[in-house]
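The values are calculated or read from the model by the stated rules, or taken from the named source; none is laboratory data. Predicted, not measured: the structure shown is a model, and the values here were computed from it. Cβ placement follows ideal geometry from the backbone for every residue including glycine, while neighbour counts extend to all protein chains displayed.
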Amino acid sequence: MKYIWRLLPISFILLMTGCGVENLSALDPQGPVAEMQYSLIQLSLYIMIFVMVIVFSIYIFVIYRFREKPGDTHIPKQVHGNRTLEIIWTTIPILLLLMLAIPNVMDTFTLADVGVTDEEAGEGEEIDHITIDVTAHQFWWEFDYPEYEITSGQEMYIPTDTRIIINLQSSDVIHSFWVPALAGKQDNVPGIENDMWFEAPEEGVYMGKCTELCGPSHWQMDFKVIAVDPDTFDTWATNMAEPPEQVTDPEGEVAVDGRGVFEQSCISCHAVGDEGGNTGPNLTNYGEREALAGYLDPTDENLEAWLRDTQEYKPGNEMPNFNHDAINDEEMEALIAYLNELKILED
Amino acid sequence: MSSHVDPSAPLQGEPTKNTQRKLKKEMRTQLVSFVLMIFITSMAFLSIASDAIPSGFAIPFILLLAAIQVTLQLYFFMHMNEKGTAWVNIMIWSGLFIAVLTVAALMLLIGVVKY
Amino acid sequence: MAENEAMEQQQTLPPNPEKATLEGRNKYLGFWFFLGGETVLFGSLFGTYLGLRSGVLDGPGPADLFHLDLVFIMTMILLTSSLTSVFAVINMKRGNYKGLLIWMWATVALGVAFLVFEIYEFYEYYHQGLGFSTSAFASAFYTLVGTHGAHVLFGVLWITTLLIRYRKSGLTLTNAPKFYTAVLYWHFIDVVWVFIFTVVYLLGIGG
Amino acid sequence: MSYEKAQSKNVIWDWLTTVDHKKIGIMYLAGGAFFFALGGLEAILMRIQLMFPEFSFVQAQTFNELLTMHGTTMIFLAAMPLLFGFMNFIIPLQIGARDVAFPFLNALGFWLFLFGGLLLNVSWFVGGAPDAGWTAYVPLSSESPGHGLDYYVLGLQVGGLGTLIGGINFLVTIINMRAPGMSMMRMPLFTWSSFVASMLILFAFPALTIGLLLLMLERLFGGTFFAVDFGGNVIIWQHLFWIFGHPEVYILILPAFGIFSEILPTFAKKRLFGYSAMVFATLIIGFLGFMVWAHHMFTVGMGPVANAIFAVATMAIAVPTGIKIFNWLLTLWGGRIQFTTANLFALGFIPSFVMGGVTGVMLATSAANYQFHDTYFVVAHFHYVIIGGVVLGLFGGAFYWWPKMFGYRLNETLGKWFFWLFLTGFHLTFFVQHFLGLMGMQRRVASYLGGQGLESMNFISTMGAFLMTIAFILFLINIFVSTNNKENAADPWDGRTLEWTTPSPVPEYNFAQTPLVRDLDAYWYEKYEGDGKMKAAEPLGDIHMPNGTILPVLISLGLIIASFGFIYMVIPLIIAGLGVTFGSMFVRSIKEDHGYHIPVEEIKRDKEEG
Ligand code: HEA
Ligand code: HEA
Ligand code: CUA
Ligand SMILES: [Cu+2]
């Protein structure tokens, strides 16, 4: 049993490499920020393994060598201590810690410097950075792009290879914005503005999570960061600002009726295009959602269940349940069809 | 050892000559520190109330005065200067140290300004 | 041990009657430690106040409210009460129990006067539109100054209880530490007030 | 009260009114054990909920309540009272004192803890427990509907008061009541570390008191400290909480370190290596413990300078802690190590705690902390230090001191089963959580989605928790089946310190004659340099004892009544409760009580029998 200690550091390394799901795990970093943090994690881990190897070796040796053998009754020498040893095991840890502390301080400052990257922009790139205001709500995310005057809900589109500057706010309690594969977290604190930055070199859908307990549905407060190539991003941004016809003025009978239901029951909270409230997520591109309400599969069944019974799914959120009196089956079908039509990227 | 102390019996007698002398001296010190405190407080009050002194100077000045006054209280009125108060000194200064840290944190590190 | 020491000096007046018994020494030290904790307690309140001091919103702020002259008088009252309690202790060490009682009563009287002023002050502010919930500044102000006021109130009640309970007993090995710790408490209240006067009132007007 | 009268009381009344530090110690242990089982049960329920993805064993709201109550219960109502139990019982014995400095306040501290804990748990039955995490961050907590958070505030306030009182009591006891010859640098390390822990209590708890006061004013009286719309600030709470909260974790670990520093020398049959370095390291840990609280707040946006400073300060704590680890190892070096159950716990502690400690240093790396923070990595870290440190210390201490406290020895075979099952279960539960955290599992989640690679490790974790439960039940069984193991209970381990010079069970006056201390490890010194008996520092005589009193119970009860009054805003109840409390305090203050004396004949008789 004692030898298990020896195996632990090894298993640590084995388990560390490439653990977890792609685009979620902090151990599979994408982009400069997560990579910087990952290498710091690795550095600290190596130092810690070194410490553990030393401690565990002495430990195992001592326990084995000085265990009481049967019949042994000798009284060991009563040693008082040893100044030299005390100095050694004070100095070595200090050195090890300096090895960690110095890069850490440097990285801390690098990460805090969201920077205005105008100088870098001089070299001919079109967009050098994008600012996104992230407002957390119980239990959903609002992403405002002040430079584009657009708002998106639950899903944050970003261009690849571009510095993204994030401003964090909250409309109610404290939340925390975490996209493990792209960057560590910062808190959304009511009354205070925080910022952070990251870049995504690869296209992909990155999973994000809320990491500060914010109520009963905290665990479902997921979101996505969707990195697309800069051209697609431009299309997306333009179309979000001025949605194509099928969104504002849908054709097809079911969708038209659905629009009616939407205008009646939903528009006070949800916006499509520039019409509608913002108590709930902007639904302009709902039809292209990776997930419904941040975490469900966006199937028709789930959508209906969600609308009928929101409070069951995300207890405590602001949206009311819509029972059959509020929206009958027919209307529901039309509404769902309409919502599914809300696409802005593919014409 | 049949006789136990009766702690509720009134204490009799006079203090020793030595003690009396000390007390007399102490009385004088206390009066002086009191006068000093009154003076310090009035100084602080005047430096704000009179508007004569620029606030850039007045603020550190009155904080300094407060510190002096507290030291007077602690060391003269509360006798922290006496022998055998080592533990008292340790605890009070530790308390003050942590209180200062707390005040500094709550003034500076509450997210309004980033350091 | 300790008891034996006390036994030798049984009924005669020791130089420091408050520390003559083990019980007295325990009380003395324990009470000081308690004051060390109180320091952090008030530190936290001061920190909160300073952190929230600018959170005035539409409500009245320090400069609109504070009457420095009133507060100055309160400060003087409390300072003087510190002196009277010092006299009480000196009388105790002299074995002059009457003197102890008289000076302690004087301390109580000054404490009550202080409280009256404070209540008047709060009443004034309330009528100038500073309710407890008006702004973060209001909450923090009332909590800091109010907690101090509650300490004064407790001190007044404590000392009064002692004075009534021991009005006829004469100085004993039991009540000497009690009076002594009560006086320590009283000084501490004064120390806190010095900071309130400076940080809340003077800086409220001048800073 | 006369001696005869003091002897003739009925049992329940006797325990309710006792001011004997040994009985209070035992009551702390019993209370703490009860709450440990309760907190453990809450943990098991959480682990069952997390056994499978999107499992619906309990609702999200219930999960949040379980999680809050688990953390709160374990920290405030289990770990700390259990440590207080040992401190109460052992410290006076270790320093050769007859009692603590303030027997009355000692009893008061216990009752405040017990009633505070019960008050907190009443919330389960009246509409829901607190649900904002044990850290109760505002504004989630200040705006949480229902009364759960009110119970949190008042329960902790009452219990915290008890802790503060206890801390001052230990400080004064240790400074003023040591036997002749017991200089500070001859004090056993358990006493030393309890002393430093008590200093931390003295300076840390007031910050919590104010935090709770503000939260109470905010929730019940319309305060606006944390209301952003009124100019409030929500970070203030976090500072106040952690200025208390970080020292709190050292309040937990230092006495546990002390326990190990007693157990390891005893069973290595060797003097503690580097005694003065150990004392010094303890003091440094205590001091640094106050300088690092903001490492819990790296992500709230204090700015890079603050983050960097707190990161480096935090890392510094690894140095004194390392000094302790290496001195323990060198204590074992050259010894004759006996593998008793108590020592197994101490030996199990060293690697387990080091693993938890080094993840602490990883967490302290501020830039990397943005990834770790509020994930299961943190959960893994603190259970490694808390269970691998504090809980193993408590169990080790229990096996070590049980004979002294209860007059019988716990069964060693059952004890070893308990140890191995518990240790295995513990590593199984929490080792995998490091990876869960980095793989994207936040903490405080009521469930998690399938398909994110989190399933198997969560399952393993839950299995480990089950193993710990089985182990714990073995321990409970051990307590009841071992009661006949009465022989050799006074000094079963060839002890080194003064507590082993007393008979088991210990007479209420502890020492017939105050011992004279001639070296560190006073008893060992007399055993191997003297005649095996302590020298007496005083002649045999009557012993003065304090009287029992019901007032501590009444004072605490009054506060509980008043608390209900505050929670439901029933003014008469507030007045009645505070009336009881202050009335009892008043009675205490005007009724002089000079205790009684145990006649010397009685003590002589005890001596002959024992
Ligand atoms: C008993 C309790 C205990 C103890 C002893 C510790 C000890 C330490 N803790 Fe831990 N901690 C907690 C209980 C504890 N902690 C709890 C409960 C939380 C979470 C609270 C919450 O949010 O709910 C927490 C959270 C926590 C955080 C915040 C994480 C986050 O939320 O983001 C951090 C960050 O710095 C941290 C750091 C440390 C460090 C550096 C130590 C150090 O003291 C460890 C020192 C020990 C060693 C390092 C091992 C031995 C040393 C050597 C062998 C020498 C050589 C070593 C090196 C050179 C590295 N802890
Ligand atoms: C002293 C502190 C302490 C201790 C000992 C423990 C012990 C345990 N904790 Fe602890 N835990 C905390 C302090 C502690 N915890 C804190 C502070 C938090 C943070 C809370 C927050 O985020 O706010 C936390 C959070 C926490 C979480 C994270 C919850 C979340 O973030 O969602 C988890 C999850 O696995 C967990 C599990 C466990 C387990 C399995 C044990 C086990 O070791 C428990 C072992 C106990 C037993 C095995 C006893 C079992 C007894 C019975 C079942 C009853 C039997 C009774 C009779 C027969 C009479 N704890
Ligand atoms: Cu939002 Cu958790
Ligand atoms: Cu900490």
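Summary of values
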| item | result |
| --- | --- |
| Yes/no for D:Gly356 being surrounded by fewer than 24 Cβ atoms within 10 Å (Cβ to Cβ), in a helix (DSSP H, G or I) and away from ligand 4 (no atom under 16 Å from the Cβ) | no |
| Selection from segment A:261-270 of residues that are surrounded by fewer than 20 Cβ atoms within 10 Å (Cβ to Cβ) and in contact (Cβ under 8 Å) with a residue 40 or more places away in the chain | A:Ser265, A:Cys269 |
| Residue selected from segment D:486-522 under the condition of a type in the set (Ser, Thr, Tyr) and within 27 Å of the chain's Cα centre (by Cα), by the criterion nearest to D:Ser183 (Cα to Cα) | D:Thr497 |
| Test result for B:Ile59, surrounded by 13 or more Cβ atoms within 10 Å (Cβ to Cβ) and under 25 Å from C:Ser44 (Cβ atoms) | yes |
| Unmet criterion (only one of (1) more than 16 Å from ligand 2 (Cβ to nearest atom); (2) in a loop (DSSP other than H, G, I, E, B); (3) in the same structural domain as A:Gln138 (by TED's automatic domain parsing)) for A:Ser268 | (3) |
| Output for segment D:551-599, where each listed residue is farther than 21 Å from D:Leu217 by Cα and away from chain C (no Cβ under 14 Å) | D:Leu551, D:Pro552, D:Val553, D:Leu554, D:Ile555, D:Ser556, D:Leu557, D:Val580, D:Pro599 |
| Leading residue by the ranking (farthest from the other protein chains (Cβ to nearest Cβ)) among those in segment D:529-550 that are aliphatic (A, V, I, L, M) and out of contact with any strand residue (DSSP E or B) (no Cβ under 7 Å at 6 or more places or on another chain) | D:Ile550 |
| Every residue from segment D:217-263 that is more than 13 Å from ligand 2 (Cβ to nearest atom) and among the acidic types (Asp, Glu) | D:Glu218, D:Asp229, D:Glu262 |
| Subset tally (residues that are assigned to a loop (DSSP other than H, G, I, E, B) and modelled with pLDDT of 90 or more) for segment A:111-145 | 2 |
| Any hit, segment C:94-102, residues being assigned to a helix (DSSP H, G or I), of a type in the set (A, V, I, L, M), farther than 30 Å from C:Gly129 by Cα and within 14 Å of chain D (Cβ to nearest Cβ) | no |
| Qualifying helices (runs of 4 or more DSSP H) (wholly inside segment D:373-476; at least 2 residues being closer than 27 Å to A:Asp187 by Cβ, touching a Ser or Thr at 6+ places or on another chain (Cβ under 8 Å) and within 16 Å of ligand 4 (Cβ to nearest atom)) | D:376-385 |
| Sole residue being within 9 Å of chain C (Cβ to nearest Cβ) and modelled with pLDDT under 95, chosen from D:Gly167, D:Gly222, D:Gly211 | D:Gly222 |
| One residue from C:Val145, C:Val200, C:Val112, C:Val194 being at pLDDT 95 or above and crowded, with 17+ Cβ neighbours inside 10 Å | C:Val145 |
| Close pairs (9 angstrom Cβ cut-off, 6 or more residues apart or separate chains): crowded, with 22+ Cβ neighbours inside 10 Å in segment B:100-115, modelled with pLDDT under 90 and in a loop (DSSP other than H, G, I, E, B) anywhere | B:Leu109/B:Tyr115 |
| Any hit, segment D:361-373, residues being in contact with a Pro (Cβ under 7 Å, 6 or more places away or on another chain) and more than 30 Å from D:Lys486 (Cα to Cα) | yes |
| Subset of segment D:515-551 [of a type in the set (Ser, Thr, Tyr) and buried (at least 21 other Cβ atoms within 10 Å of the Cβ)] | D:Tyr523, D:Thr549 |
| Qualifying residue in segment A:52-67 (condition: facing another protein chain (nearest Cβ under 7 Å) and loosely packed, with under 14 Cβ neighbours inside 10 Å) | no |
| Conditions (1) more than 9 Å from chain D (Cβ to nearest Cβ); (2) over 27 Å from B:Ile110 (Cα atoms); (3) within 16 Å of ligand 2 (Cβ to nearest atom); number of the one not met by A:Met221 | (2) |
| Filter result for C:Tyr142 (under 23 Å from the mean Cα position of the chain (by Cα), assigned to a helix (DSSP H, G or I) and more than 14 Å from chain B (Cβ to nearest Cβ)) | yes |
| Helices (runs of 4 or more DSSP H) (entirely within segment D:248-333) containing at least 3 residues that are more than 26 Å from the chain's Cα centre (by Cα) and without any contact (Cβ under 8 Å) to a residue 60 or more places away in the chain | D:304-316 |
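Residue-by-condition table, conditions (1) near ligand 2 (Cβ under 10 Å from one of its atoms); (2) away from chain A (no Cβ under 12 Å):
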residue: D:Phe435; (1), (2): no, no
residue: D:Met439; (1), (2): no, no
residue: D:Ala446; (1), (2): yes, no
residue: D:Leu449; (1), (2): no, no
residue: D:Asn458; (1), (2): yes, yes
residue: D:Leu467; (1), (2): yes, yes
residue: D:Ala471; (1), (2): yes, yes
residue: D:Leu476; (1), (2): yes, yes
